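S.K.: Supplied in structure tokens, the structure appears directly below.
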Amino acid sequence: MGTTAKEEMAQFWEKNTRSNRPLSPHVTIYKWSLPMVMSISHRGTGVALSMGVSLFGLGALLLPEQFPHYLALIKSLSLGPALICSAKFALAFPFTYHTWNGIRHLV
């Protein structure tokens with residue numbers, strides 16, 4: 001009969017301990033650079049935009065009222081201009097960054 005995954009892992013780590021091999025330093029050896037940060041940010045904004053569009057679409061399908069009703073509800077909250085501007089920026093920045101970074105990557 002074969003060994004279980006737990007037994008295999010135990011054998012693997014026991015062999016590595018006996019052989020005194022150093023562990024791979026993984027990401028700790030890399031110096032962070034601008035292209036690395038931009039790539040990670042591009043992926044993050046892509047995931048965030050994808051989730052946002054998916055949730056908006058799901059909300060449009062499942063919520064009982066039409067869009068103007070929810071827009072009027074938000075307007076009735078009388079949120080300050082600073083909060084409204086911050087929300088607009090939070091929605092526009094990932095889209096703008098992702099678009100321009102994608103164009104930069106293609107060029």
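S.K.: For segment 73-79, in order, what is each residue's ³J(HN,Hα) by Karplus, 6.51 cos²θ - 1.76 cosθ + 1.60 with θ = phi - 60°, in whole Hz (x at glycine and Pro)?
M.R.: 4, 5, 5, 6, 6, 6, 6
S.K.: Below 18 Å, Cα to Cα, which aspartates and glutamates can LYS75 reach? Residues fewer than 8 away in the same chain don't count.
M.R.: GLU65
S.K.: Let me ask you something else. Give me the lysines in straight-line cross-link reach of LYS6: C-alpha distance below 17 Å, same-chain residues under 8 apart excluded.
M.R.: Once the sequence-local lysines are set aside, what remains near LYS6 is LYS15.
S.K.: Here is a further query. Quick check: the angle from helix 81-106's long axis to the longest principal axis of the chain, C-alpha only, nearest 10 degrees?
M.R.: Helix 81-106 and the main axis of the chain meet at about 50 degrees.
S.K.: Report the full-extension gain for the segment LEU61 to ILE29: residue separation times 0.36 nm, less the Cα-Cα distance, to one decimal in nm.
M.R.: My answer for the length gained is 6.8 nm.
S.K.: Now for a different question. Which one of GLY46, VAL107, GLN66 has its Cα pushed farthest toward the positive end of the charge dipole of the chain, where Lys and Arg give +1 and Asp and Glu give -1 at the Cβ?
M.R.: VAL107
S.K.: Using a 1.4 Å probe on the protein heavy atoms, what percent of the accessible area of segment 34-106 belongs to carbon and sulfur? Don't jump to the answer; show the numbers that get you there.
M.R.: On the way: 4690 of 6060 Å².
C and S fraction of accessible area: 77 percent.
S.K.: For Rg/Rh (Cα atoms, Kirkwood Rh), several values are listed as (1) 0.99; (2) 1.25; (3) 0.94; flag the one computed from this structure.
M.R.: For Rg/Rh (Cα atoms, Kirkwood Rh), the calculated option is (2).
S.K.: Here's a follow-up. Per DSSP H run of at least 4 residues, take -39500 (n - 2.57); add these up for the chain, divide by its residues and hand me the 222 nm value, nearest 500 deg cm²/dmol. Each step should come with its number before you reach the end.
M.R.: Numbers: 4 runs with 80 residues, N = 107.
Per the formula, -25500 deg cm²/dmol.
S.K.: Using the Cα centre as the reference, give the magnitude of the dipole from point charges on the C-beta atoms of the chain (Lys, Arg: +1; Asp, Glu: -1; all else neutral), rounded to the nearest 20 debye.
M.R.: Values: 9 positive and 4 negative charges, 79 e Å.
Taking the Cα centre of the chain as origin, the dipole is about 380 debye.
S.K.: Calculate, for the chain, the solvent-accessible area per residue in square angstrom, rolling a 1.4 angstrom probe over the heavy atoms of the protein chains. All intermediate terms of the calculation are to be shown ahead of the outcome.
M.R.: Numbers: 9730 Å² over 107 residues.
That works out to 91 Å² for each residue.
S.K.: Let me ask something additional. Once both axes come from the Cα atoms, what is the angle between helix 34-62 and the longest principal axis of the chain, in degrees from 0 to 90, rounded to 10?
M.R.: 50
S.K.: Relative to the first principal axis of the alpha-carbon coordinates of the chain, what is the inclination of helix 5-19, with its axis defined by its Cα atoms, in degrees from 0 to 90 and to the nearest 10?
M.R.: 60
The values are calculated or read from the model by the stated rules, or taken from the named source; none is laboratory data. The structure presented is a predicted model; accordingly, all values stated were derived computationally and were not measured. Here the Cβ is made from the backbone with ideal geometry for all residues, glycine too, and neighbour counts use every protein chain on show. Please note that ligands, DNA and RNA were not included when accessible areas were found on the heavy atoms of the full protein model with its side chains. Shrake-Rupley method; radii C 1.70, N 1.55, O 1.52, S 1.80 Å.
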